[in-house]
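One structure is given here, and the rest of the page talks about it.
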Amino acid sequence: MVGVKRSVDAGDDRKGKRTKTKTPVSAPTKKSKSAPVKTSKPESKKAEKTGKSDKKASKKKAQKEESEDDDDEDDFDLDDVDDSEIDALDNDEDDDVDMNDIEEDAGSDEDSKEETKKSQPAKSADVDAQNKSTSRESHAKQKALLQERRAARPNADTIARSKKLWEQLRRKSHVPLEERKKLIKELFEIITGRVKDFVFKHDSVRVIQTALKYANLEQRKLIATELKGSYKELAQSRYAKFLVGKLIVHGDAEVRDLIVPEFYGHAKRLIRHPEGSWILDDIYRSVATKEQKANLLREWYGPEFVIFKDEREGPPSADLSKILEEHPEKRGPIMHFLHELINQLVQKKTSGFTMLHDAMLQYYLNTKPGSSEANEFIELLKGDEEGDLVKNLAFTKSGARVMALSLAYSNAKDRKLLTRFYKDTIKMMAGDAHGHMVLLAAYEVIDDTKLTAKMVFPELLNQAMDAESRNDELLYQVTDLTARIPILQPFAGDRAKWLLPEGDLELLKEIREIRKETSKKEPEIRRQELVKAASPAVLEFIAARAEPLLESSFGCQFLAEVLFNADGDKSAALAAVAEAAKTKIDTPESPFVGRLLKSLVQGGPFNPAEKKVEKVEPALDFHGLLYEQIKEETMSWATGSNVFVVVALAESDDFEKKGELLKTLKKGKKALEKASSETGKDGKKSSPVASGAKLLLEKIR
């Protein structure tokens, strides 16, 4: 408390030092007016930061000293203060503050601010220039160091020279032929005998690829021979694998037979390798012979097929059914080994390999329908949530057969689950040589035709497009050899043998035998329901594009099948065909036009087995529509290449204006007689025009 004295350390205890004292709270003092301290801002932000850090350091130091002295110091006692010290404090407090000094200080602060602002851009520009020069020097040093390291590598000089040649050769359009030959010759002088030194490096392997591209056959064989024994390692290299592909593409059978055997015994390892799998499958799919394919595929059946080769006479076989027939005791291990390898690749999402699809077909063909093995296989197909496996299978021969058989053997629920994966790939499958078979299998076995129509026809018939784009796209599809099959198959049915290749017909026959046990609906009812769903779109298309359809044989086949078998109002489509046929008076180079018009006039397709016309119901009545278009040019038609169209009109019993036609023909009898005397190209037999004219002459007699 104030006024209470406490003991003070003697001078000896303090070692001659004066003790720091605290100002007492209740000590009587006067209010002081201290003059402001003159300050100036630091010249830069860096100085500011330095000043702040110094202040923080001094503050921490003062706090530390105070904390140390607090332990030893005594409370303040006014009696201990000398009178001279109190007087000095009073004199300091009485000093007045001059306002002019404050203004001068403020002015100096503003001047220092302006000088700092002016100096900052110049300093920052100097710093940037210094940084750029430092960065440039650093990059130059790094580049020099990299060049030194490259120069220290083996064959550095030869690789550097070959890369310069490669830089010139790869610009094909800028290098004349003679100069290119000289560059190739020089390049082969460098790489001959050193090919293996080049191929395992990402930059120098490009040199060998370019050399292969422009080399002749002997030079390519030279490179292939030098690399003998290294093809397995090359196939597993990230960059060298492309060299193997180029050797296969640009080489001949000798080069192929040099490379493929090096993969024997390594098929299981390579098919699971991230780089080697693609090269192995490319070789298997595109260039390997039937014997080479069998040797590679047999390795999927177990380790013994890697070690022991087929001892039978003749070429080796990868047909698993024959192998199991000869060795039935090995069925369990073989099927287990094959299923495990298939499952590994499917789980790794590497399901696009043709080799895998062939193996899957061999496995599925040797399972019993309804068995646990067959059910597990179907579950494997359904288990791929993204559908990549099912989609990839549709685009290979073996894969498409796997999917077609799976749809045939599955129940209704599994068929629905399997087909839903194809929702966005219908059109692509329709134009594929193998994918269209999956769509045909769906037509044949799925009883829920509403589901099939909803899944297939919106995309297949381009129903999401505007009318103009839809018709243009359909015109391309129906005149394409493969893309037209899924569109025409429901209309043509079983009798259109001309529509499908031989292999497709055999598979369809197999599917139709299976569906007798797995499907309930009658095949003809199923077909009619699909026709009914597709008819409105195709009839509208014919009405809009009849004329271009008449210009091709595929277009005329499409017109015939749809107009004979479609369900619904065909009047607009028939009228469009009749109008488009008006200009087809004489088309000797397009006999298909005359055949189409003749069939439409007759009212149905001709059955060659029974040798009669099978008229459709309801009747087309096309003869009346066509006659209205051509009656002004009747004699031109009767003496032209399409004379049998007029013959069909004259023979039709349902044609109301048949009498008018015959009357017109009688008036042109002389023209018919002249046409009937024409001979064929060989000069001996009568021409088709002459045969038709003779029939018309008989009709008017």
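The values are calculated or read from the model by the stated rules, or taken from the named source; none is laboratory data. Every value quoted in this text rests on a predicted model; they were computed, and no experiment measured them. As a convention, Cβ positions derive from the backbone with ideal geometry for all residues, glycine included, and neighbour counts pool all protein chains shown.
Odds and ends about this structure:
- Enumeration of residues in the range 451-471 that are in a helix (DSSP H, G or I), in contact (Cβ under 8 Å) with a residue 60 or more places away in the chain and not polar (S, T, N, Q): A453, F457, A467, R470
- Residue tally, condition of a type in the set (A, V, I, L, M, F, W, C) and in a loop (DSSP other than H, G, I, E, B), over the range 243-289: 1
- Whichever residue in the range 333-351 is of a type outside the set (A, V, I, L, M, F, W, C) and in contact with a Leu (Cβ under 9 Å, 6 or more places away or on another chain) and, among such residues, is farthest from L393 (Cα to Cα): H339
- V390 being over 21 Å from K427 (Cβ atoms) and part of a helix (DSSP H, G or I): no
- Residues of the range 448-467 that turn out to be farther than 26 Å from T396 by Cα and among the acidic types (D, E), as a count: 2
- Residue count for the range 415-450, restricted to those that are assigned to a helix (DSSP H, G or I) and closer than 17 Å to K532 by Cα: 6.
- A single member of S691, S599, S652 is among the polar types (S, T, N, Q) and in contact with a Pro (Cβ under 7 Å, 6 or more places away or on another chain), and it is S599.
- The residue of the range 330-386 that is farthest from S286 (Cα to Cα), among those that are of a type in the set (G, A, S) and buried (at least 17 other Cβ atoms within 10 Å of the Cβ), is A374.
- There is at least one residue in the range 396-409 that is in contact (Cβ under 8 Å) with a residue 40 or more places away in the chain, in a helix (DSSP H, G or I) and polar (S, T, N, Q).
- First in the range 248-264 and in the same structural domain as Q292 (by TED's automatic domain parsing) and touching a residue at least 12 places away in the same chain (Cβ under 8 Å), second anywhere and surrounded by 13 or more Cβ atoms within 10 Å (Cβ to Cβ) and part of a loop (DSSP other than H, G, I, E, B), Cβ under 6 Å, 6 or more apart: V260/A288
For every residue, the table says whether it meets (1) more than 19 Å from D480 (Cβ to Cβ); (2) surrounded by fewer than 22 Cβ atoms within 10 Å (Cβ to Cβ); (3) of a type outside the set (F, W, Y).
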site	(1), (2), (3)
D504	no, yes, yes
I514	yes, yes, yes
I525	yes, yes, yes
L559	no, no, yes
F564	yes, yes, no
T587	yes, yes, yes
L600	yes, no, yes
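- Pairs with Cβ under 8 Å, 6+ apart, first in the range 617-642 and within 14 Å of G594 (Cβ to Cβ), second acidic (D, E): S636/D586; G640/D586; S641/D586; N642/D586
- The single condition from (1) outside the structural domain of R272 (by TED's automatic domain parsing); (2) in a helix (DSSP H, G or I); (3) not aliphatic (A, V, I, L, M) that R298 fails is (1).
- Subset of the range 254-295 [buried (at least 18 other Cβ atoms within 10 Å of the Cβ) and closer than 15 Å to I323 by Cα]: N295
- When the helices (runs of 4 or more DSSP H) confined to the range 301-360 are screened for residues that are at pLDDT 90 or above, closer than 22 Å to V390 by Cβ and under 32 Å from the mean Cα position of the chain (by Cα), those reaching at least 3 such residues are found at 331-347.
- So L324, is it under 21 Å from G399 (Cα atoms), touching a residue at least 12 places away in the same chain (Cβ under 8 Å) and either touching a Ser or Thr at 6+ places or on another chain (Cβ under 7 Å) or surrounded by 13 or more Cβ atoms within 10 Å (Cβ to Cβ) (or both): no
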